[in-house]
Every structure is written in structure tokens, then in C-alpha cells.
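Heads up: the structure comes next, in C-alpha cells.
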Amino acid sequence: MKGFAMRKIGKTGWVEKDTPECGPLDAIVKPLAVSPCTSDVHTVWEGAIGERTDMILGHEAVGEVVEVGSLVKDFTSGDKVIIPAITPDWSSPESQAGFSMHSGGMLAGWKFSNFKDGVFADYFHVNDADGNLALLPDELDVAEAVMLSDMVPTGFHGVELAEIKFGDDVCVVGIGPVGLMAVAGAALSGAANIYAVGSRPVCSQVAREYGATDIINYRDGDLVEQIMDKTNGKGVDKAIVAGGTATETFNQVLKILKPGGRIGNVNYLGSGENVLINRLDWGCGMGHKVIAGGLMPGGRLRMEKLAALATTGRIDLGKLITHKFNGMEHLEEALFLMKDKPKELIKPVVIV
């Protein structure tokens, strides 16, 4: 089979590999629609997870099952399915402890294009199929459904990590596709004022459509000053970090966060050695300002629940997609869009 791969750090290309084998609990799936992610960019061009040789990229897909293992109960060949980016081993001790995304070790629930070949191929392997596949509802377009693999659950996990409650004032830093889903999730969770931080006009417009009350353009002035002015010097109750840098962003957000506030970080810090925070802004360690960072949960149940939000009209996934391609030969073009981030981009999708 063919796959679009990371040949080595800084280089991508097509490779030929054997079709993956199906274990008794697993499934082999062919993609119907896929989407590149900024994480793929970090992996290839920043070496965020170290050197990988001829590893097939991609972790966002909707597909059709072509084979299931002998112990798989709920899926069969021909089923159209959503595949989450995070595919835990559900019998692991970490999963039983409530941290399935770390099953087998830190971040080890993230398998595609990390520990094994990803979804940018003619066929790909899904472990623990009954726990990690979700049937694609008939009402959902395959391109829009790809957003359920990673963008929606990651953005919504930022909301969960920040523990947003009714009436909270919230700042969302970074309004790419994940940040936009954090805005949508914050609005669904009852946030009052939502301050969305970004500069690209297309993202700012969609942020407003998802529920942002204010757009804070960091190119127009100091982020902290703008938000403190908007909040009459009080700051915000909660914040979600979905973009920015390891040092500057956290310090800015700590400055605008009220004592007792929480930061939900879903920004993948793909470079650098340390995250540095200012001790005074953190209340000298006593400000009750919590920084909670986490990899999004995967699994079937989460996919089903998020798909229900889309089918009932609670979230409009189509707003995220700005570029559509037909044919796997366009994968490189779509990936470079995510690398270069032109001003008109939110998210590309490749229809197979």
C-alpha cells in the first residue's frame, strides 16, 4: 500500500509499505476523508517527538472498515466510522485510573504517527476497535465528521480542563481550529464573556459565530492591557490556551487570571526545553491559579457524544473547513497549508 510519510525530520514523501495486519481485537480501515494537523507540522519540521524514519503521518480520519478481528463485537466490514486521534488500550491500568490517553505511558494513547503509522495511507490499523471506533451518523458529511477526530475533542477538553461554569468570563488564546472549538465549547458550557485572542480575520469571524463576545488582536496592542481594559481591571475567571509560546503565553494568561482561576492548556508545546512562569503573576505559588494541561481523551463514547452535538445542530463543523481537496495526491498540499498557515486558512480536508 501507499502512504504519505515523514521520511526524516524536515522531509516528507510517499512510501510503499505492507498492509497492516489485523489482531483479534482490532480493525483495518481505509480512509474516506482525512485532515492534516499542526501536530503533524511539529512532528516533521520541529522534531517534536524525535526522529522518525518513513513513519506514515496523520491522525484525523473518517473511514470504512475493511476487516475486523475475531473478537470484535460491534463493527463489521463496510461500516463507515469516525476514528479518534487518540486510541487508548482500554484494558490498561491507566485507562482504569481515568487517564486512558496515557495508556501504556505518558501520551501513549496517541498512537497514530507517533508510535505507529498514521491514517494518510490506503489502509490503517485501529487497536481495540470496539473501544475506539464510532459509527458515522448518516446525517454527517464525511469532511465535517473528520473534525470530530481531533479538533472538537481537543478544543472541548480545554473547556473541561479549565472547568468553565455558567457565567464565567473566559479568555481563549489562539483561535485556529482547536481554539475555535474551545470557544464553541465555552459557549455551550455557559460562559458569559468570551475573549478570543487571534489575528486572522477568517478565524475572528468564525470565533464570533461560535460565541466569542470580543476579539483581542494581539497585533493591535498588549494582550494583557486589552483584556484588563475590557474587564475593568478584574481579569477573567478561566482561560484556555490553544496557541502561543511556552513562556510568553503562560505569563500573559497568568496576569489576566483572577486568583482561584484555572488555565486549561491544550496547546502542543512542540519545541524548547522548559515552560517558565513568573512567580509574582502566579501569586508566589499561593495564588490558587491552576494550570491544567492534558491530551484529549479518545474513544468511542466521546466520538458518539460529540457526533450527537453535530447532528442536533449544537455545533456547526462546516465552519472550520476552508479548503477541500479530492484525492490522496493532494495530501502534501494540504499539509503545507497547515505549515504555512495562509491568512484565509482554518482547516483543510482531503476527500479520498
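Please go through the range 1-51 and pick out each residue that is more than 30 Å from residue 320 (Cα to Cα) and either in contact (Cβ under 8 Å) with a residue 60 or more places away in the chain or among the hydroxyl-bearing types (Ser, Thr, Tyr) (or both).
1, 17, 19, 20, 21, 22, 23, 25, 26
Being of a type outside the set (Val, Ile, Thr) and surrounded by 24 or more Cβ atoms within 10 Å (Cβ to Cβ) narrows it down to one residue among 118, 105, 167; which is it?
Every option except 118 fails the conditions.
Suppose we filter the range 129-174 for residues that are of a type in the set (Phe, Trp, Tyr) and outside any loop (DSSP other than H, G, I, E, B); how many remain?
Of the residues in that region, 1 qualify.
So, of the residues in the range 236-248 that are of a type in the set (A, V, I, L, M) and modelled with pLDDT of 90 or more, which turns out to be nearest to residue 346 (Cα to Cα)?
Across the range 236-248, the extreme among qualifying residues is 242.
Quick one: in the range 23-38, of everything that is in contact with a helix residue (DSSP H, G or I) (Cβ under 9 Å, 6 or more places away or on another chain) and not aliphatic (A, V, I, L, M), which residue is modelled with the lowest pLDDT?
In this case the residue turns out to be 38.
Take the residues in the range 247-279 that are surrounded by fewer than 17 Cβ atoms within 10 Å (Cβ to Cβ) and of a type in the set (Gly, Ala, Ser), then tell me which one is farthest from residue 101 (Cα to Cα).
Out of the qualifying residues, it is 260.
Would it be correct to say that residue 270 is in contact (Cβ under 8 Å) with a residue 40 or more places away in the chain, in a strand (DSSP E or B) and not assigned by TED's automatic domain parsing to the domain that holds residue 57?
Here the answer is no, as residue 270 does not meet what is asked.
Could you say whether any residue in the range 249-266 is under 24 Å from residue 6 (Cβ atoms), modelled with pLDDT under 95 and not basic (Lys, Arg)?
No, the range 249-266 has no match at all.
Among the residues of the range 11-45, which ones are over 22 Å from the mean Cα position of the chain (by Cα) and either of a type in the set (Lys, Arg) or part of a loop (DSSP other than H, G, I, E, B) (or both)?
Residues satisfying the conditions are 11, 17, 18, 19, 20, 21, 22, 23, 24, 25, 26.
The values are calculated or read from the model by the stated rules, or taken from the named source; none is laboratory data. The shown structure was predicted, so the numbers you read here are calculated from the model rather than taken from an experiment. Virtual Cβ from ideal backbone geometry, glycine too; neighbours counted across all protein chains shown.
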